[in-house]
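The structure appears right after this line, and notes come after that.
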Amino acid sequence: MIILLFGPPGSGKGTQARLISEWLNFPSLSTGDMLRSEAQQESELGRKIRETLAAGQYVSDETVNLIVLQQLERNPDSGLILDGYPRTVAQAIYLENALLERGFPPPVVVHLDVPAEEIVMRLSSRASCPQCKRILNLLQNPPRVEGRCDECGSELVRRDDDKPEVVRSRLETYVRLTGPVIAHYTGSNYLLFNGNRKPDVVFGEIRGGLRPHHEHWLNDR
Ligand SMILES: [Zn+2]
């Protein structure tokens, strides 16, 4: 059983991946994790990935597909949670065909949706003190004097990455790249969740949505 996780940066996807992984006892893998792990293998694929990474090049779609297939073959009786894959519609179609050929059910998609402005607020609420290097969240943990460090009184600064306009631009890139992949999935295997609530509330709904799929998979094995 393959669970595909989709959600923009700042949607809490990492937390949900961990909770689903603990609940079902499925490993949760990002494409980066799989690449790093395969690069350590003395396989032809491992060597190819090492060469590509050493040359500072991007690993091709085809290589990523092969790695995902290997993961499936190594864990035929387990499920997998994949984060960051597929990245393209072509990869999505490839995955479906590969699952079908091996008699595995189609993937179940968990899509965490959070309004863009909420994400901008979450990510742009981080600040740090240039003097004592403390990092704080201005929403959860506001300083006593606005914009000033509680410890030394220095003016708090924000990382460029966390500036609202940079967060907005990252979100636009995410929607442009991932939108068509998510739109590819419809029907009963596509589960959409409102991620704009407390993590345990979101997880409760995800668990409810995944449970019938999981039971069906257990019965069919
Ligand atoms: Zn300070």
*Estimated vicinal HN-Hα couplings, Hz - the range 47-55 in sequence order (Karplus 6.51, -1.76, 1.60; Gly, Pro = x)*: 5, 4, 5, 4, 5, 4, 5, 5, 7
*What Kirkwood radius, in Å to one decimal, follows from the Cα pairs of the chain?*
19.5 Å
*Beyond 22 Å, what share of the Cα-Cα pairs of the range 79-180 is found? Please give it as a whole percent.*
52 percent
*When the Cα centres of the range 169-184 and the range 187-210 are compared, how far apart do they sit, in Å?*
20 Å
_Helix 199-220 vs. the chain, principal-axis angle (Cα, 0 to 90°, nearest 10)_ = 10 degrees
_Under 13 Å from the Cα of K13 - aspartates and glutamates, other chains or at least 8 residues apart_ = D83, D113, D200
*Antiparallel bridges, percent of DSSP beta bridges restricted to the range 108-221 (to nearest 5)*: 50 percent
_Taking only the Cα atoms of the range 137-203, how large is their convex hull per residue, in Å³?_
118 Å³
_Mean-square fluctuation check for the chain, GNM, Cα pairs under 10 Å: which of V201, V181, V64 is largest?_
V201
*Using the number of other C-beta atoms within 10 angstrom as an exposure proxy, rank Y190, Y85, Y185 with the fewest first.*
Y190, Y185, Y85
_Helix 61-74 against the longest principal axis of the chain: what's the angle in degrees, Cα atoms only, rounded to the nearest 10?_
70 degrees
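Over the chain, what is the relative contact order in percent, taking alpha-carbon pairs closer than 8 angstrom and at least six residues apart?
This gives 28 percent for the chain.
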*Counting only the backbone N, which residues of the range 207-221 are under 20 Å from the spot 7 Å out from the Cα of D77 toward its beta-carbon?*
214-221
*Residue by residue, what Karplus-based ³J(HN,Hα) values in Hz, rounded to whole numbers, does the range 162-167 have, using 6.51, -1.76 and 1.60 with θ = phi - 60° and x for Gly and Pro?*
9, 5, x, 5, 6, 4
_If the reach is capped at under 21 angstrom between alpha carbons, list the lysines near K133, excluding any in the same chain fewer than eight residues apart._
K163
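Every number in this text was worked out from the coordinates using simple rules, so none of it is lab data. Remember, it's a predicted structure, so these values are computed and weren't measured experimentally. Don't worry about glycine lacking a Cβ; one is built from the backbone with ideal geometry, like all the others, and counts go over all protein chains shown.
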